Every structure is written in structure tokens, then in C-alpha cells.
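A.B. asks: Have a look at the structure that comes next, please.
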Amino acid sequence: MSNYQLTEAIERYLSGEMSGDERAHFEQMRKDNADIDNKIAEHLHFTGLLKQYRERIELENKLNAIHNEMDIHSLVEEMTIHPSWVVQMWRNHHSKISVAASVAIFAVLTVMLSTGFFKKQPDVQLLSREMEKIKRSNAALTHATSALATEIHKKSLGPGNYSGSGFALSSNGYIVTNNHIINGNSSKSPDSIYVQDALGNAYKAKLVYSEPKYDIAILKITDDSFEELPALPYNFKKGKSDLGEDVFTLGYSEGDAPVMDKGYLSSENGRKGDSTGYRISIPVNPGNSGSPLINSKGNVVGIISGRQTQVEGASYAIKTGYLYKAIQNVPLDSLSGKLSLSNKNTLAGLSRVQQIKKMKNYVFMVKVY
């Protein structure tokens, strides 16, 4: 079955258009094939993101429409003659006024009150001064609306709008995650990428390079508000890790707080003997893709890439040796700063709790739109 046919089948399956026999056959395929099951999950997640994006755009359009329809001069005149009009307007239209628009109106009224505009001013010369105050009030409204739009944009990136995890390659904003998070099954580049840290700060990012055969993608934070991170506390292991070695991961599998899961390396190869990855016994969940796999000494040994649906707790990670290879393939003209992996490790000898405290500020939630 081609990718196009599979996508069409998934859409028919999720929309309930399949007959009983078709649905039973497709559900059996889903149980037997982990890739199909993952594709269904990714399809559901993608359609959810589209819905969230559409709702955000509709909210912004409503706010813009409210702002454009407001006539400040008529509003001032009406309130000056009939102050009770504000109360009446609220009674009649409060269900239609969003919280954001209410805050904007409050900003205008506060400025008017502080300037004494509601006092009677018979002097013509003073009237001209009052007009200047109205202009400032209008400017305050515009500023408040703009600030609210920014806040709405940040809130749209809140819990539930993520598609995976990633972690810092360097202190100057380079981040590694999975290629399937950024590009999915499409060759088309995403419209926008954001990363969010453990404090809830969201930053715009761009795709610098992707290596589909290793399922690796390298991002760069481009947001002006991003401040360079302190030196990374972990390094990246080039050699192979040992069977049975204790490992743990830190990623965004639940909400906007990083989650730690631990286990051990159960195979030196990945799915179906894939030599580019490890099989690990860690109960990872959706959202863990792109998380770092760390050993007890604080070395990053892999990048979480998926899980086996038929076997409880069986997951997979890409070996960091292939991360080195991907970085070597990055075109120099696509870099906007030095990209070199840390060779220093300050996590060795620390307890697991201390290691996580140091690491959590270097692990990000990755959101793709």
C-alpha cells in the first residue's frame, strides 16, 4: 500500500466511512504493524493541531474586528453625555465581548479618567488639549490590543499543542529532535516551528538540517528574546553503550513539564536489527520522541525515536554516533552560528535528582504548525 493509499485509508477509518469488514481488517493491520499505528496517531495529532491553529486565527480575527469597529470619538461623546451607557452596553452585549477586548477598553477608560476627560470643559482652548488626550487614549487602545494579540499567540502554544521533544546541542540555540516530528511523511517544510523550555518560555525556531535516514532534525532558535544558555552539563558519547546499561530519558510526554522515565539498554540494535539504534526497556509515551537518552554517568547515548506497540516497555533510540554524522553533513551556509558538540560532562558523580535538575533547562517541547 502506497503512502497516499494509506493516508486515504486512515482518513476513511477515522471519519467512520469504512464498512464493518473494512474496519475490522484495518484494525487488524494496525495491531500487526506498528508503523501504521504510529501513522494513525500522527494523523490524529496533526488534525488536532490544525483545529487549534484555526481556532487561534478565528479568535485573532474577532479581536481585530472588534478593534476596527470601535469609534473612539463617538464613544467619548456618548459616555460624556450618558455615562450610564457603559452599564447598558455591558448588560446587552457582555456575552459577545471577549476578555481581551474588555481589557483593551479598560485601558482606554483608565487613561481618560486619569486625564480628567469626564469633567466639563467649556473652554475651547482646553478642548483642543483634550483632543490630544483622546489621541493618546486611542494609542493606548492600539498598544493594549497588540499586547493582547501577543499574549493570545503565546497561550496558543500552551499544553497540548506539542508534537514532541528536543534537547540542546549547544548553548547558542541549536536543538536536535526527530525528523518525523518536523516533517512527518511530507517533503514539504512546516509553516512554523516553536520550542518551549521548562519555564514555559516559547521561542520561534527554524529547521537547519534534516537527515531522514537517521530520523534526525537539527533546529536553531531564531527568536530575539532567546538568551544563550549556560555551558551544557552533558556530553555526547561517540562509542557504543553496553547491553544492560542503566539509562533514563527526560521529555515532554505529559503537558508542559518534563517527565523522567528510566530503564536499561536491552539490545545493541534497534527495530528489526537496525544497527543505527538501540532497543531500550523504558515506558516512553507520545511526546517523548526527540528526548535525550542518558546513561548513569550523564552521557547522552541516544535520541528517543519510537516504541513497540506489541511489546510493553520496548522502545527505540538513535545512537549518538549518527548524530555526529548528521552534524558533519550540515551545509556550512545554513548555519548562523558555531555548531559543535560539548565534550565536557558535569553530571558524572551526581545523584539522579541532581542530574535532572541540571538537565531540565536544556530539554525543550517541540511544536510544529
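The values are calculated or read from the model by the stated rules, or taken from the named source; none is laboratory data. Predicted model, so just to flag it, every value in this text is computed and none were measured. Positions of Cβ are backbone-derived with ideal geometry, glycine not excepted, and every protein chain shown enters the neighbour counts.
A.B. asks: Report yes if Phe26 is more than 26 Å from Tyr369 (Cα to Cα), of a type in the set (Phe, Trp, Tyr) and not assigned by TED's automatic domain parsing to the domain that holds Gln308, otherwise no.
C.D. replies: yes
A.B. asks: Has region 209-226 got at least one residue that is closer than 27 Å to Gly349 by Cα and in a strand (DSSP E or B)?
C.D. replies: No, region 209-226 has no match at all.
A.B. asks: With respect to Gly239, determine if the residue is surrounded by fewer than 20 Cβ atoms within 10 Å (Cβ to Cβ) and under 13 Å from the mean Cα position of the chain (by Cα).
C.D. replies: no
A.B. asks: Based on what the data block shows, is Asn179 in the same structural domain as Gln355 (by TED's automatic domain parsing), in contact (Cβ under 8 Å) with a residue 40 or more places away in the chain and out of contact with any Cys (no Cβ under 7 Å at 6 or more places or on another chain)?
C.D. replies: Spelling it out, it is not the case that Asn179 is in the same structural domain as Gln355 (by TED's automatic domain parsing), in contact (Cβ under 8 Å) with a residue 40 or more places away in the chain and out of contact with any Cys (no Cβ under 7 Å at 6 or more places or on another chain).
A.B. asks: If you check Val301 against the conditions, is it within 19 Å of Gly166 (Cα to Cα), within 25 Å of the chain's Cα centre (by Cα), in the same structural domain as Val208 (by TED's automatic domain parsing) and not in a strand (DSSP E or B)?
C.D. replies: no
A.B. asks: How many residues does region 252-265 contain that are in a loop (DSSP other than H, G, I, E, B) and aliphatic (A, V, I, L, M)?
C.D. replies: Number satisfying all stated conditions: 1.
A.B. asks: Moving to a separate point now. Among the listed residues Glu228, Glu254, Glu312, identify the single one that is at pLDDT 90 or above and assigned by TED's automatic domain parsing to the domain that holds Asn183.
C.D. replies: Sole residue among the options that is at pLDDT 90 or above and assigned by TED's automatic domain parsing to the domain that holds Asn183: Glu228.
A.B. asks: Looking only at region 266-277, filter to residues that are in a loop (DSSP other than H, G, I, E, B) and among the hydroxyl-bearing types (Ser, Thr, Tyr); which one of those is surrounded by the most Cβ atoms within 10 Å (Cβ to Cβ)?
C.D. replies: So, considering only residues that are in a loop (DSSP other than H, G, I, E, B) and among the hydroxyl-bearing types (Ser, Thr, Tyr), the one surrounded by the most Cβ atoms within 10 Å (Cβ to Cβ) is Thr276.
A.B. asks: Could I ask something else about it? Please specify each residue of region 227-250 satisfying the condition of being of a type in the set (Val, Ile, Thr) and not in a strand (DSSP E or B). First the steps, then the outcome.
C.D. replies: Filtering region 227-250 down to residues of a type in the set (Val, Ile, Thr) leaves 247, 249.
Across region 227-250, there are no qualifying residues.
A.B. asks: Is at least one residue of region 358-367 touching a residue at least 40 places away in the same chain (Cβ under 8 Å), under 15 Å from Ser210 (Cα atoms), among the basic types (Lys, Arg) and in contact with a helix residue (DSSP H, G or I) (Cβ under 9 Å, 6 or more places away or on another chain)?
C.D. replies: no
A.B. asks: Going by the structure shown, is Glu268 out of contact with any Gly (no Cβ under 7 Å at 6 or more places or on another chain), in contact (Cβ under 8 Å) with a residue 40 or more places away in the chain and charged (D, E, K, R)?
C.D. replies: Working: out of contact with any Gly (no Cβ under 7 Å at 6 or more places or on another chain): yes; in contact (Cβ under 8 Å) with a residue 40 or more places away in the chain: no; charged (D, E, K, R): yes.
Taking the combined requirement at face value, the residue does not satisfy it.
A.B. asks: Would region 149-169 turn up any residue that is acidic (Asp, Glu), modelled with pLDDT under 55 and over 12 Å from the mean Cα position of the chain (by Cα)?
C.D. replies: Yes, region 149-169 contains a residue that is acidic (Asp, Glu), modelled with pLDDT under 55 and over 12 Å from the mean Cα position of the chain (by Cα).
A.B. asks: Please enumerate the residues belonging to region 226-252 that are touching a residue at least 24 places away in the same chain (Cβ under 8 Å) and acidic (Asp, Glu).
C.D. replies: Step one: filter region 226-252 for residues touching a residue at least 24 places away in the same chain (Cβ under 8 Å), giving 226, 228-241, 243, 245-252.
Scanning region 226-252 gives Glu228, Glu245, Asp246.
A.B. asks: Please state which one of Gly255, Gly263, Gly287 is touching a residue at least 60 places away in the same chain (Cβ under 8 Å) and surrounded by fewer than 20 Cβ atoms within 10 Å (Cβ to Cβ).
C.D. replies: Of the residues listed, the single one that is touching a residue at least 60 places away in the same chain (Cβ under 8 Å) and surrounded by fewer than 20 Cβ atoms within 10 Å (Cβ to Cβ) is Gly255.
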